[in-house]
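Reading through the structure tokens given below for one structure.
The values are calculated or read from the model by the stated rules, or taken from the named source; none is laboratory data. Since the model is a prediction, treat every value here as computed from it, not as a measurement. FYI the Cβ positions are ideal-geometry reconstructions off the backbone, even for glycines, and counts take in every protein chain you see.
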Amino acid sequence: MKRIVQIGFILTLLFAVNSFYANAQCKGFAKKICRAELGSYTHDGNYHAAILVEGEEAELYKTFYSDQDYRVAICGSDNLPTIEFKVIDANKNILYSNAEDEYSRTWDFKLESSQQLKLVIKVTTFEELSDDPASGCVAIMFGFKAD
């Protein structure tokens, strides 16, 4: 029984270390590759990145303030299919969907009133199904125009 507990502890530790390493690599990807998508916008200082599998989606809530110019930028690892993202308000209205904009990687906007928005990021699927779905880093970056 003691041996089983030891093996379980070692496996848990290895999984935790591997997850930490993968997240660190993904954060590095966001810093090196995705930050450039913000262009002339000032990065807000946060790196939102995760490893996603094709067909998987993630949500992120963020507060945006009125009368401020913003840019949202999305990027994913080269081995992933197209990344779709939607911006949704508190009333579940879709303010933007890049699926209606040729899967653009950026969206620039300005709000009339401060509000919390939900961003839904989805890795689409390849046309041909595979036994081993693609996975990779997906990052979302936020920038604002400095006055």
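Before moving on, here are some points about what is shown:
- When each of V138, V120 is tested for being assigned to a strand (DSSP E or B), touching a residue at least 24 places away in the same chain (Cβ under 8 Å), of a type in the set (V, I, T) and surrounded by fewer than 17 Cβ atoms within 10 Å (Cβ to Cβ), the lone residue that passes is V120.
- Scanning segment 38-80 for residues that are on the phi > 0 side of the Ramachandran plot and among the charged types (D, E, K, R) returns a single hit, D67.
- Residue among A50, A16, A58, A22 that is within 19 Å of N79 (Cβ to Cβ), modelled with pLDDT under 85 and of a type in the set (A, V, I, L, M, F, W, C): A22
- L80 being aliphatic (A, V, I, L, M), in contact with a strand residue (DSSP E or B) (Cβ under 7 Å, 6 or more places away or on another chain) and assigned to a strand (DSSP E or B): no
- When residues of segment 100-117 are limited to those that are in a loop (DSSP other than H, G, I, E, B) and of a type outside the set (D, E), the one farthest from S77 (Cα to Cα): S113
- Qualifying residue in segment 115-130 (condition: modelled with pLDDT of 95 or more, in contact with a Ser or Thr (Cβ under 8 Å, 6 or more places away or on another chain) and basic (K, R)): no
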